[in-house]
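A short worksheet on the structure shown next.
The values are calculated or read from the model by the stated rules, or taken from the named source; none is laboratory data. For clarity, every value in this text was computed on a predicted model and none was experimentally measured. Virtual Cβ from ideal backbone geometry, glycine too; neighbours counted across all protein chains shown.
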Amino acid sequence: MNAETSPRSLDRVAADAAQLTQAYRAPEILRVVNVWDAVSARVVAELPGTAAIATAGHAIAASHGYGDGEQIPLDLMIAAIERIVRAVDLPVTADLDGGFADAGETVRRAIGAGASGANVEDRLRPFDESVALMRAAVEAGEREGVPFALNARTDALIRGGDRPRSESIADAIERGRAYLDAGATAVFVPAILNAEETAQLVAGIGEQRVSVIGLPGALRAAEYEALGVARISYGPMPQNVALGALKALGADLLADGVLPAGVEQLNNF
């Protein structure tokens, strides 16, 4: 697969967005292994079964020496997304954190970089403000002529604090329905979700409308698929695993080790 040498046209991004939405709607769960740069995107894109590329905002920030939570300058984030888009020939959905203070403008710039979808976080802002945030993201795509595949993230569970879990589930459902009404393609509810909670979310938000994260302790992708979940992603965990492997290898080499036999060359462009 050859890297692209020019930006994607709006027609191509629109086609990618339609393809991405179709992948969300399919009964088979959309499995995305999150990436953080061009070479990680290339490696994942070449794996059989990869239908789309998803960036991890935390991982991109870390690769540039920044912490999570919009500490990385937006220009750097957009540039990283564009490099990832150019490295692959698949739809790319970007992690845009909380919208970088202007979700509409940030989505417009992401589309210009070739992204056909994105995660945008509500960060448990007030309800009306959160709905307006998601609507702004969707409308930005409409102005560009792109049916942007917004995976609207609600932090109702991970920022729920001490309130009962049932209240957080109910909040996620209320917010999720509102985000879909605002034009979102799916609703991302990050948390370690058991089968009962997942079934409640799917019943309340809709089949093939809920997106989850695969953290240690979560269900298997096939189990989420059977419950009607649209997408599973893994956030910064793939980068964590890669860095852990690098750390272990480095320690071995610094202790007078040798490279294992049969090391595969993966980073050639």
Please verify whether G67 is at pLDDT 95 or above, over 21 Å from G228 (Cα atoms) and out of contact with any Asp or Glu (no Cβ under 8 Å at 6 or more places or on another chain), treating the condition exactly as stated.
yes
Residue check: is R25 touching a residue at least 24 places away in the same chain (Cβ under 8 Å), closer than 24 Å to V146 by Cα and surrounded by fewer than 16 Cβ atoms within 10 Å (Cβ to Cβ)?
yes
Go through D11, D16 for me and flag whichever is more than 26 Å from L219 (Cα to Cα) and over 16 Å from the mean Cα position of the chain (by Cα).
D11
Just one listed residue, out of G98, G65, G104, is touching a residue at least 12 places away in the same chain (Cβ under 8 Å) and out of contact with any helix residue (DSSP H, G or I) (no Cβ under 7 Å at 6 or more places or on another chain), and it is G98
Looking only at residues in segment 28-70 that are among the β-branched types (V, I, T) and in a helix (DSSP H, G or I), which one is surrounded by the fewest Cβ atoms within 10 Å (Cβ to Cβ)?
V39
What about R143, is it of a type outside the set (S, T, N, Q), free of Cβ contacts under 8 Å to residues at least 60 places away in the same chain, buried (at least 19 other Cβ atoms within 10 Å of the Cβ) and in a helix (DSSP H, G or I)?
no
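Here is a yes/no grid of residues against (1) surrounded by fewer than 20 Cβ atoms within 10 Å (Cβ to Cβ); (2) outside any helix (DSSP H, G or I); (3) in contact with an Asp or Glu (Cβ under 8 Å, 6 or more places away or on another chain); (4) of a type outside the set (D, E, K, R):
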{"position": "G176", "(1), (2), (3), (4)": "no, no, no, yes"}
{"position": "L180", "(1), (2), (3), (4)": "yes, no, no, yes"}
{"position": "G183", "(1), (2), (3), (4)": "yes, yes, yes, yes"}
{"position": "V187", "(1), (2), (3), (4)": "no, yes, no, yes"}
{"position": "I192", "(1), (2), (3), (4)": "yes, yes, no, yes"}
{"position": "A203", "(1), (2), (3), (4)": "yes, no, no, yes"}
{"position": "S211", "(1), (2), (3), (4)": "no, yes, no, yes"}
{"position": "P216", "(1), (2), (3), (4)": "yes, yes, no, yes"}
{"position": "L243", "(1), (2), (3), (4)": "yes, no, no, yes"}
